[in-house]
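These notes concern the structure reproduced below.
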Amino acid sequence: MAALRMARRSLFSKPSSRPCSRRWSATPAVVLIGEDVGVYGGAFKTSEGLLERFGWERVIDAPISESAIIGAACGMSYCGLRPICEMQFIDFIVCAFNQITNFVAKGHYLWNAPAPMVIRGPSGGGVHGGPFHSANPEMYFVHTPGLKVIYPSTPYDAKGLLKAAVRDNNPVLFFEHKFLYRRIKGEVPSGDYTVPIGKAVVRREGKHLTILSYAAMMHTSLEAAEALAQEGIEAEVIDLRTPVAAG
Amino acid sequence: MIRNIGALLVKGVRPRDIFMQHMAKYDSPTKGKDGTSHFGDLDDLHIVSPISMLGDLIPVMTGVAMAGRYLGQKIVTMTWIGDGGSSTGVFHEGLNFAAAQKAPFVLILENNLWAYSTPVRKQVPLENLADRAKAYGIDSYIVDGNDVVAVYSTAKEAVERARAGEGPILIEAKSFRRQGHAQHDAAEYVPKEMRAYWEAREPARSLRKISGQRKVARCQGQERDRGEDQHAARRGARFCGEFADASGRVCGDRRLLHRRRLPQDPREVGAADCGSDAAKIERHGSMDGSRIWIRQRLRGRERADSFGDTPPAAHSSAGEAKSANGSKPGAKAAVKSGGKKAAKAGAASSSRKARR
C-alpha cells in the first residue's frame with residue numbers, strides 16, 4: 001500500500017512503454033520491433049521517445065511484414081534477446097499466424113528452444129475502428145499450445161503483467177484493449193513490480209452469481225454488477241487477466 | 001531448403017541422431033516427437049530447427065543475423081529454400097526485411113526444377129530465380145548446383161561478403177531432384193530426357209572425376225569430411241540396427257517422462273536471469289560495453305558468445321584470422337546441397353572463376 005500511496009495516476013496507454021523504458025536501462029536484452037514504433041513512436045504513441053533514448057538498434061522500425069516481424073523476433077529470442085514485437089493493430093496478427101502458431105509456439109515443445117518474446121498490440125472495438133481494426137483474436141492463441149495470453153483491464157495490471165511477460169521464458173501475447181487506452185485511469189506504482197501470469201483477481205465480491213470477464217468487458221461487468229445490486233442481487237466479478245497461462 | 005540433412009551433417013550433427021530422429025525414437029533429438037529433420041541445436045552446433053511450412057526460416061534467420069550484429073558478433077546466418085518455397089509470402093517478407101536491415105544473411109535457393117510435381121516454369125515466369133534478388137536490391141549468384149567446387153567457392157565468397165557488411169546475398173543453385181517428392185512419389189511426371197540429362201551430371205561422379213587433380217586442392221577439407229560422413233553414416237546405420245529397438249517409441253508415460261526431463265523447462269528456469277538488479281549499462285544505444293554483460297547474463301552461459309562461427313567483433317584481429325575458417329561450415333553445407341549438374345554456371349564472380 002505504501003507503493004500505491006506513492007503512486008501517481010497514469011493513463012492506461014502509458015504503461016506499455018514505461019516498463020520497457022525502465023527495464024531497458026538495465027537490460028539491453030530487450031528490443032522493440034514493429035511498424036512505426038521508432039520515429040513515429042507507435043500508432044498509439046506507446047513507444048514515444050524510446051528511439052531517441054535507446055537508438056535504432058533496439059527500437060526497430062520494420063516494414064509492413066508481420067511474418068517478418070514475428071520471425072525476426074523469434075530469431076532474436078533464440079540468441080538470448082527478449083524482443084517485444086508490436087502489431088500496429090492486433091487484427092494484423094493473423095498475417096503472422098503461421099509464424100506464431102507453428103514456429104514460435106512449437107519450438108520449445110519440439111526441439112527445446114525457448115523463445116522469450118512478447119507480441120503486443122492494441123485490440124478490441126468501441127473506437128470506430130471497423131471490422132479490420134477492432135478484433136479480439138486472443139482466442140485463436142488461447143487454443144494454441146505453447147503460448148501464454150495476457151489481456152489486462154487496469155493500468156496497474158498492464159504494467160505488472162507486461163513486465164512479467166518480458167521476463168517470462170515463453171512466448172507471450174499481450175493484448176491491450178484500445179477502448180481502455182484513454183478512458184480508464186488507475187494508480188500505477190513507479191517502482192519495479194510484476195503481476196504474476198496466471199492469477200485471476202476478484203474485482204467485486206458477491207454471493208449470488210459470478211461473472212467471469214477480462215479486458216474492457218470487465219468494466220462493463222462491474223457496471224452490470226452495480227445495476228444488479230440495485231435489484232438486490234450481489235454479483236461477484238472475476239477478472240481473468242490472463243486468459244491462458246499454461247504456456 | 002528445409003530438412004537439409006547434408007547441412008546438418010556438415011554442421012556436426014551425428015548420423016546416429018538423424019537415424020534416430022527419422023525413426024522417431026525416444027533417444028532422438030526431439031525425443032520421438034517428430035520423424036523428420038525438424039530439430040536444431042542452439043548451444044553447440046548453432047542450428048535453428050526448420051518447420052514444414054516453407055520459407056518461415058528466412059525471417060527467423062534474419063532475426064538471428066540481426067541479433068548477432070546487435071550483440072557485436074561477426075556471424076553470418078544461412079538457410080535454404082527451394083524453387084517451390086520461393087513463391088511463399090514469407091520468403092519475400094523475410095528477404096525484404098533482411099535487405100532493408102542489411103543483415104548478414106546468405107540464402108541458398110536450390111532450384112531443382114520441381115516443386116513436388118509442378119515444374120518451375122509453371123510456378124515462376126522467370127528464367128533465373130536469382131532475379132528475385134534484384135527486387136530487394138541485394139546481390140545474387142547463379143551457380144551450377146551440381147558442381148561441388150563452384151558451389152563451395154560461391155558460398156564462401158557470399159559468406160565473406162555478408163560478413164563484411166554487404167547485406168544479404170541470394171545464391172541460386174541450379175540442380176535437379178533425382179528422386180520423387182517423397183517415398184511414395186515415383187516422379188513419373190519428369191520427362192525421360194530431362195532425367196537422362198541430369199543423371200549424366202550427377203555431382204558425386206563429377207567430383208570423383210576431378211578429385212585427383214590439383215584443381216580440387218581447395219576442397220580437400222570437403223572430401224575428407226565426406227569420407228568421414230560416409231564412415232559415420234555406416235557406423236550410424238549399424239548403431240541403429242543394433243540398438244534402436246532398445247529405444248522404444250514414445251508413447252504414454254514416456255512422453256511425460258521426457259517432459260519432466262527437459263533441462264530448459266521454463267517453469268524451472270524462472271525469470272530471475274533477466275531481473276531488475278542487473279548492472280546498469282550506459283551508452284546502451286551503441287551497445288558499447290553491454291556485450292560482455294549480455295553474454296554473461298543471458299541464460300547463465302555464454303550462448304550468445306558462441307552462436308556464430310567466429311569470435312565476437314570486439315576481437316577484430318582474431319575475427320579476421322578466423323574468417324576463412326568461419327565461412328567453412330556454411331560453404332560446406334552448400335556443397336551438400338547439390339543434386340545434379342546445372343544448366344548454367346554463369347554469373348559467379350571473377351574471383352570464383354579464378355579459383356577454379
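Only the coordinates and a few stated rules stand behind these numbers; no lab work does. Keep in mind it's a predicted model, so treat the numbers as computed, not measured. Every residue, glycine among them, receives a Cβ derived from its backbone with ideal geometry; neighbour counts consider all protein chains shown.
For this structure, a couple of remarks:
- With viscosity 0.890 mPa s and temperature 25 °C, the Kirkwood radius over alpha carbon pairs of the range B:1-61 converts through Stokes-Einstein to a diffusion coefficient of 210 µm²/s.
- For B:Thr77, the residues whose amide H sits under 5 Å from its own are B:Phe105, B:Val106, ignoring neighbours fewer than 5 places away on the same chain, with H placed 1.01 Å from N.
- The fraction of Cα-Cα pairs per 5 angstrom bin, counted from 0 for the range A:95-134, comes to 6, 18, 19, 17, 14, 10, 9, 5, 1 percent, rounded to whole percents.
- Each residue of the range A:155-160 was assigned a 3J(HN,Hα) from its phi angle through the Karplus expression (A = 6.51, B = -1.76, C = 1.60, θ = phi - 60°), giving x, 4, 5, 4, 5, x Hz with x at Gly and Pro.
- Shape call, the range A:68-163: gyration tensor on alpha carbons, a/c limit 1.5: prolate
- The 3J(HN,Hα) values that the Karplus relation (6.51, -1.76, 1.60; θ = phi - 60°) gives for the range B:60-69 are, in residue order, 5, 5, 4, x, 4, 5, 5, 5, x, 5 Hz. Gly and Pro appear as x.
- Among B:Ile18, A:Ile119, a tally of other beta-carbon atoms within 10 Å of each Cβ gives an order, fewest to most, of B:Ile18, A:Ile119.
- Partner shielding of B:96-103 amounts to 4, given as the average count of beta-carbon atoms from other chains within 10 Å of each residue beta-carbon.
- Comparing chain A with the 2.2 N^0.38 Å rule of thumb, its C-alpha radius of gyration ratio is 1.00 (two decimals).
- As an equivalent ellipsoid, the range B:57-185 spans semi-axes of 26, 16, 13 angstrom, where each value is the square root of five times an eigenvalue of the C-alpha gyration tensor, largest first.
- Prolate/oblate/rounded call for the range B:139-213, Cα gyration tensor, a/c under 1.5 rounded: oblate
- Under the combined filter of DSSP loop state and at most 15 neighbouring Cβ atoms within 10 Å, the range B:115-178 retains these GluC sites (Glu not before Pro): B:Glu127, B:Glu166.
- Here r is the Cβ-Cβ distance between A:Glu187 and A:Tyr109 and R0 is 45 Å; the resulting FRET efficiency, rounded to 0.05, is 0.70.
- Shape of the range A:118-247, Cα gyration tensor, a/c cut at 1.5: prolate
- Centroid-to-centroid separation of the range A:129-185 and the range B:46-76 [C-alpha atoms, Å]: 27 Å
- Kirkwood hydrodynamic radius of the range B:1-126, from the reciprocal of the average inverse Cα-Cα distance over all distinct pairs: 15.6 Å.
- Theoretical FRET efficiency, 1/(1+(r/R0)^6), r = Cβ-Cβ of B:Asp43 and A:Val201, R0 35 Å, to 0.05: 0.35
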